[in-house]
Amino acid sequence: MQGHIGPGAAEQIFQNQNDQATASNGNKQKSQPGNSRRRNALAERIEARHQPQHHQQGNAQRPQHDAAEAKIQTTPDTQKVEPPQKSNPDAPIAPKIVVKDPKKEKDDKDLTPKERVLKDYTRLLESIDENDSKDVVNFFLSSLATAYDPHTEYMSTDESDNFKIHMTHELVGIGALLGQKDDGAEIQGIVVGGPADKQGELKLNDRIIAVAQGDDEFVDVKYLKLQKIVDMIRGEKDSTVRIKIVPADDPSGNKVIAIVRDKVPLKEKLANAELLVTPPDLGKPLKVGWINLSNFYADMENGQVSTSVDVERLLRRLMKEKIDGLVLDLRDNGGGSLDEAIKLTGLFVPAGPIVQAKDWRGSITWRDCENEKPVYDGPMIVLTNKASASASEILAAALQDYRRALIVGDKSSFGKGTVQTILPVERYMPFFSDKKGAGDLKVTIQKFYRIAGGSTQLKGVEADIPLPSIRDVLDIGESSAENPLPYDTIPARKYPLFRKDPFPIEEINARVKSRIAANPEFQNVVDESARLKEKIDRNTVTLNLLEREQERLDTEARRDKQIDERAKRAKDIAERIKDAGFKVYHLTLDNVDKADLVPESAFTKEMNSGMRTASKDDDSGSDGAKFPYGIEPVKLETIHIMRDLLELDHKPTTASKTEEKSQVGAKPQAQ
């Protein structure tokens with residue numbers, strides 16, 4: 001049995017075949033301590049306003065939902081800076097609650113303070129009223145589990161199912177994206193080539209009002225939680241679901257549609273890549289390969305889905321294009337399959353140890369990658385942030401210890417260094433009348449360690465080249481959790497260094513500091529970080545309405561000024577370089593083997609996500625389009641760092657294998 005680490009993930013790490021172990025990067029929202037949840041809300045608001053946005057093709061514009069059967073309708077407090085919680089591609093964490101007011105609802109901005117508070121409490125009470133006995137059991141067991149440590153938690157059957165979908169990027173359903181709308185669920189996306197798309201009758205913005213299984217009677221879904229509607233629409237492969245809709249083009253009528261369920265691929269979060277060719281304006285043109293990876297996904301049962309296989313396909317195509325250097329973007333990657341993290345590391349280093357672990361008895365084990373030689377041995381950067389956790393940290397730490405890649409990004413990653421095992425609750429809690437609904441319990445059993453002997457616990461992976469980030473002043477990550485396990489070390493393993501000489505880190509950092517000092521985008525981040533830290537340290541807010549209003553106006557004015565100045569810089573550069581800007585080509589698993597590369601101008605969101613959506617967002621350009629050179633600041637600076645590395649560094653020389661592992665023989669098993 002394979003294992004996995006990451007957002008609510010299970011991980012077979014140093015376990016026998018009867019156990020399933022996990023190293024999750026953080027508890028789900030319902031289990032999160034209140035203070036930590038509030039900090040996450042603040043982090044989200046601050047980041048959305050001040051942090052230079054990064055564009056990942058596989059996460060285009062950071063949507064609030066995964067390409068699945070349900071859309072998360074949340075406030076700006078949606079978790080983003082805190083590493084991705086247990087991903088739920090089919091259901092909302094907190095569905096939008098309809099306030100049943102006979103009068104027409106006002107927009108929130110038009111509400112009086114009294115009306116706003118009343119609306120919030122009305123939504124809260126309605127949400128509580130919608131909970132059934134299954135929800136109560138879920139809340140109780142979740143609260144009980146989190147009393148032990150930050151990463152022990154209970155997973156309901158729905159959450160376990162959604163975890164499997166998150167790991168395989170595949171589900172069985174109709175292939176539609178649902179969102180809460182008024183008293184029902186609205187079709188907000190249709191997967192291209194999915195069952196609903198092939199059937200042809202379901203349209204964007206249609207509203208579902210009832211669901212029936214096969215020839216059974218319809219069940220009214222008005223005012224039901226979105227998750228419950230999703231559960232009714234999902235089912236077994238080749239079974240039929242009938243849905244009664246209010247057509248978007250005929251709001252006065254009803255229509256019944258029968259759809260045969262089938263497997264639906266979820267492409268938006270799969271590995272993808274870009275080929276960036278730098279403009280002459282920045283010096284000698286460089287070809288930089290950029291691989292975006294949002295999680296370490298894997299099919300734990302059938303082995304048909306593999307992160308490392310997908311990344312290798314993208315990597316070989318980039319190598320075919322003769323790239324000068326490679327960037328592996330792990331920002332916001334909360335983890336996933338341990339086996340995939342090890343295999344992926346093996347694409348860049350020769351055979352050797354990747355990660356160690358220690359259990360409560362002090363027994364130490366390790367895992368190796370078994371590639372005889374790396375697929376790619378050229379210059380490499382791994383880009384991380386505070387939301388890079390668990391499996392991401394294992395890969396980044398190993399490449400750092402081997403002297404294989406430069407780590408660039410936030411000062412450190414999340415700091416998640418513990419391992420959990422998943423236990424079916426039905427084995428141990430016989431009071432469940434419905435054994436199938438018992439769910440799973442995830443329990444911390446081990447800590448994992450770097451091959452150099454240190455731990456990622458609390459400290460995370462520290463960047464070789466840190467860049468300014470608003471997250472660095474926020475109390476987020478493992479260290480902000482309640483009762484985290486302490487940092488400690490174990491003996492290092494013996495492993496061959498990829499290169500004899502260290503990277504020229506001091507020289508590169510000197511160049512980076514010089515550029516950052518002259519870059520208004522990063523200076524905005526530095527200023528906002530200092531302002532936020534002062535506010536956090538002060539730990540007070542004024543209750544004077546006029547003063548609060550003035551603070552808001554000052555913030556908006558400062559933001560508007562930054563936007564105007566950015567637009568002017570982008571315009572000046574565009575006029576200077578004219579058509580000689582960055583050339584960007586997009587690679588997906590659908591087009592990676594095609595002869596011609598897809599340029600930025602021809603790449604659409606539908607190509608990326610495999611879904612037609614009803615979103616009214618501008619579909620032209622990338623997240624970085626508003627920035628100078630059309631590239632967001634962190635990405636642009638990372639490309640500068642790659643140039644620095646190529647200029648300052650000689651060709652890496654693989655160190656001779658003078659040291660062997662102190663232990664040989666078969667792989668160790670947990671005692």
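The values are calculated or read from the model by the stated rules, or taken from the named source; none is laboratory data. Note that the structure is predicted; figures quoted are calculated from it, not measured. Heads up, the Cβs are rebuilt from the backbone with ideal geometry, glycines too, and the neighbour counts pull from every protein chain shown.
For this structure, a couple of remarks:
- Within region 485-518, considering residues that are in a loop (DSSP other than H, G, I, E, B) and basic (Lys, Arg), the one farthest from Thr444 (Cα to Cα): Lys500
- Any chance Gly303 is at positive phi, touching a helix residue (DSSP H, G or I) at 6+ places or on another chain (Cβ under 8 Å) and not basic (Lys, Arg): no
- Top-ranked residue in region 557-573 [being among the charged types (D, E, K, R) and loosely packed, with under 14 Cβ neighbours inside 10 Å; ranked as farthest from the chain's Cα centre (by Cα)]: Asp572
- Test for Ser294: is it part of a helix (DSSP H, G or I) and either surrounded by 22 or more Cβ atoms within 10 Å (Cβ to Cβ) or modelled with pLDDT of 95 or more (or both): no
- Unique match (being farther than 25 Å from Gln180 by Cβ and either of a type outside the set (D, E, K, R) or in contact (Cβ under 8 Å) with a residue 60 or more places away in the chain (or both)) among Pro247, Pro251, Pro280: Pro280
- Considering only residues in region 574-588 that are in contact with a strand residue (DSSP E or B) (Cβ under 7 Å, 6 or more places away or on another chain) and part of a loop (DSSP other than H, G, I, E, B), the one that is surrounded by the most Cβ atoms within 10 Å (Cβ to Cβ) turns out to be Thr588.
So that you can scan it fast, the table gives a plain yes or no per residue for (1) touching a Phe, Trp or Tyr at 6+ places or on another chain (Cβ under 8 Å); (2) aromatic (Phe, Trp, Tyr); (3) assigned to a helix (DSSP H, G or I); (4) exposed (fewer than 14 other Cβ atoms within 10 Å of the Cβ):
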{"site": "Ile190", "(1), (2), (3), (4)": "no, no, no, no"}
{"site": "Asp197", "(1), (2), (3), (4)": "no, no, yes, no"}
{"site": "Ile208", "(1), (2), (3), (4)": "no, no, no, no"}
{"site": "Asp216", "(1), (2), (3), (4)": "no, no, no, yes"}
{"site": "Tyr223", "(1), (2), (3), (4)": "no, yes, no, no"}
{"site": "Lys237", "(1), (2), (3), (4)": "no, no, no, yes"}
{"site": "Asp249", "(1), (2), (3), (4)": "no, no, no, yes"}
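- Tallying residues that are part of a strand (DSSP E or B) and under 28 Å from Leu286 (Cβ atoms) within region 364-407 yields 7.
- Test for Leu282: is it on the phi < 0 side of the Ramachandran plot and surrounded by 24 or more Cβ atoms within 10 Å (Cβ to Cβ): no
- Selected residue (criterion: surrounded by the fewest Cβ atoms within 10 Å (Cβ to Cβ)) from residues of region 167-188 that are in contact with a helix residue (DSSP H, G or I) (Cβ under 7 Å, 6 or more places away or on another chain) and in a strand (DSSP E or B): Gln180
- Residue in region 321-339 that is surrounded by fewer than 18 Cβ atoms within 10 Å (Cβ to Cβ) and either free of Cβ contacts under 8 Å to residues at least 24 places away in the same chain or not acidic (Asp, Glu) (or both) present: yes
- Of the residues making up region 528-540, those that are within 17 Å of Arg552 (Cα to Cα) and surrounded by fewer than 17 Cβ atoms within 10 Å (Cβ to Cβ) are Arg531, Glu534, Lys535, Ile536, Thr540.
- All conditions but one from (1) touching a residue at least 24 places away in the same chain (Cβ under 8 Å); (2) within 30 Å of Leu286 (Cα to Cα) apply to Lys578; the one that does not is (1).
- Only one of Asp527, Asp488, Asp464 that is modelled with pLDDT of 95 or more and either among the polar types (S, T, N, Q) or in contact with a helix residue (DSSP H, G or I) (Cβ under 7 Å, 6 or more places away or on another chain) (or both): Asp464
- Screening region 367-413 for residues that are under 25 Å from Leu646 (Cα atoms) and of a type in the set (Lys, Arg) and picking the one that is surrounded by the most Cβ atoms within 10 Å (Cβ to Cβ) gives Arg404.
- Scanning region 529-551 for residues that are touching a residue at least 60 places away in the same chain (Cβ under 8 Å) and hydrophobic (A, V, I, L, M, F, W, C), we see that the one that is farthest from Pro468 (Cα to Cα) is Ile536.
- The set of residues from region 116-160 being assigned to a helix (DSSP H, G or I), of a type in the set (D, E, K, R) and surrounded by fewer than 19 Cβ atoms within 10 Å (Cβ to Cβ) comprises Arg116, Lys119, Asp120, Arg123, Glu126, Asp129, Lys134, Asp135.
- Odd one out for Asn272 among (1) surrounded by fewer than 22 Cβ atoms within 10 Å (Cβ to Cβ); (2) of a type outside the set (A, V, I, L, M); (3) under 30 Å from Met319 (Cα atoms): (1)
- Selection from region 252-275 of residues that are closer than 30 Å to Val309 by Cα, in contact with a Leu (Cβ under 8 Å, 6 or more places away or on another chain) and not in a loop (DSSP other than H, G, I, E, B): Lys263, Val264, Asn272, Ala273, Glu274, Leu275
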